[in-house]
Amino acid sequence: MSRFLLCSFAFVLLYPTAIDLYLVALPQIAKDLAASESQLHIAFSIYLAGMATTMLFVGRLADHVGRKPIAMAGAVIFSIASMLAGASETSDSFLVMRFFQGVGAACCYVVAFAILRDTLDDKKRAKVLSMLNGITCMIPVLAPVIGNLIMLKFPWPVLFTVMALMGLAVGFLATVVLKETLPKQNRTDADKQANVQESLFDRFFVSRVVFTSLAVTAILSYVNTSPMIVMDTLNFTRGEYSTAMALLAMVGMSTSFSAPILLSYFKQKTLLIASQVITMMSAIAILAAHLNGDSSTLYMMGFVLISMGFSMGFGVAMSQALSLFSRKAGLASSILGIAQVSCSAFYIWAMALLGVSAVMMLFIALAMGSVIGLSLIVLVPNQHISECHEEISCPS
């Protein structure tokens, strides 16, 4: 089991690494490639578009050819795209390579969740996915610090060399350590019937697709706008920004690692509601900071609440969505991923196109996500599991 958890965690980490590691270099990249701030927003959306496009078919492919070959291919694509992105001399070539970075990251991302669905039962998966949030939060903790240290000695292309090396490490794990988790068996009539019963249009599954998509849109809006808010509006230096982001990400990491403990005492629904209330409080704090002369204290309070809200609810919601599927685990993971990255990419692209400020882009994402999220929790209960099962730690 440890090999599956190690590989799944490593596969997922490619996705945030390609987002967080180069954030400290945004001003320098814009200068060297003669790119505007809106183009940098588009580069973020292009990466997510690469993920979404790939997820249209890679989940179904993973359900047929297996998890291992898809992960291997994704790691190779990610590594090559990273090297070429670092070698870009124009904004257009940089955008193209960002797209293919998303293609590689998507392959590994989908496979990671499919492996967890293959190997864990519902109870363990909710806790492991919450812990996975904690592992994922290590990237925002480490990436700005590592990125800043690299930028002190080297030009920004070296950041993409580091991403390429990480892709090679993931490829090694996929090739040598990972064992195939997709059962090798002929499809019987019963199997086909099970596939029919696992509907992607299930009301509860659709609600969790929407819920997690809005959550990812909020957290990626935070990641995308934080350099502008912290370095441009609050006038933090690159080093101060890196330190602040690392400390804030540690809040999310601590919350994620606490979630499995909380699941032993509280229902999943309780944690989901708490996560959305905290997210709503973060929106209020961000708006208050903006209206009070861009208060750094209120901004940081809002950022802390963003990290807590996302980390508390996302893993639980993902586990609930995947619990409905066994034969279509890869496809279900793809649908979740497509919705999450498409929603995020479209939102960030639309806000940039409309010229919405970084602060308002973040506020709208947080407010919209928390209101709709709370509505979905209340209006669409999980009818597929018993109350005892939802509580996770039920008496035997």
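Kindly indicate whether Val356 is farther than 19 Å from Gly252 by Cα and free of Cβ contacts under 8 Å to residues at least 40 places away in the same chain. Steps first, please.
Values: farther than 19 Å from Gly252 by Cα: yes; free of Cβ contacts under 8 Å to residues at least 40 places away in the same chain: yes.
Spelling it out, Val356 is indeed farther than 19 Å from Gly252 by Cα and free of Cβ contacts under 8 Å to residues at least 40 places away in the same chain.
The single condition among (1) touching an Asp or Glu at 6+ places or on another chain (Cβ under 8 Å); (2) under 20 Å from Asn133 (Cβ atoms) that Ile377 does not meet is (1).
So that you can scan it fast, the table gives a plain yes or no per residue for (1) crowded, with 21+ Cβ neighbours inside 10 Å; (2) within 25 Å of Met312 (Cβ to Cβ); (3) in contact with a helix residue (DSSP H, G or I) (Cβ under 7 Å, 6 or more places away or on another chain); (4) at pLDDT 85 or above:
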position: Asp202; (1), (2), (3), (4): no, yes, no, yes
position: Phe205; (1), (2), (3), (4): yes, yes, yes, yes
position: Val210; (1), (2), (3), (4): no, yes, yes, yes
position: Ser213; (1), (2), (3), (4): yes, yes, yes, yes
position: Ile219; (1), (2), (3), (4): yes, yes, yes, yes
position: Tyr222; (1), (2), (3), (4): yes, yes, yes, yes
position: Val230; (1), (2), (3), (4): yes, yes, yes, yes
position: Leu234; (1), (2), (3), (4): no, no, yes, yes
position: Gly239; (1), (2), (3), (4): no, no, yes, no
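The residues of the stretch 80-113 that are within 21 Å of Phe57 (Cβ to Cβ) and among the hydroxyl-bearing types (Ser, Thr, Tyr) amount to a single one, Tyr109.
Just to confirm my filter: which helices (runs of 4 or more DSSP H) fall fully inside the stretch 73-185 and include at least 1 residues that are touching a Lys or Arg at 6+ places or on another chain (Cβ under 7 Å)?
Values: elements: 91-119, 122-153, 157-172.
Those helices (runs of 4 or more DSSP H) span 91-119, 122-153.
Which residue is surrounded by the most Cβ atoms within 10 Å (Cβ to Cβ), if the candidates are limited to the stretch 76-123 and must be of a type in the set (Ser, Thr, Tyr) and over 19 Å from Ser319 (Cα atoms)? This residue is Ser82.
For the stretch 241-267, filtered to residues that are outside any helix (DSSP H, G or I) and aromatic (Phe, Trp, Tyr), the residue that is surrounded by the fewest Cβ atoms within 10 Å (Cβ to Cβ) is Tyr265.
The values are calculated or read from the model by the stated rules, or taken from the named source; none is laboratory data. Just so it is clear, the structure is predicted and the values come from calculations on it, not from any experiment. Ideal geometry is used to build each Cβ from the backbone, glycine not excepted, and the neighbour counts take in all protein chains shown.
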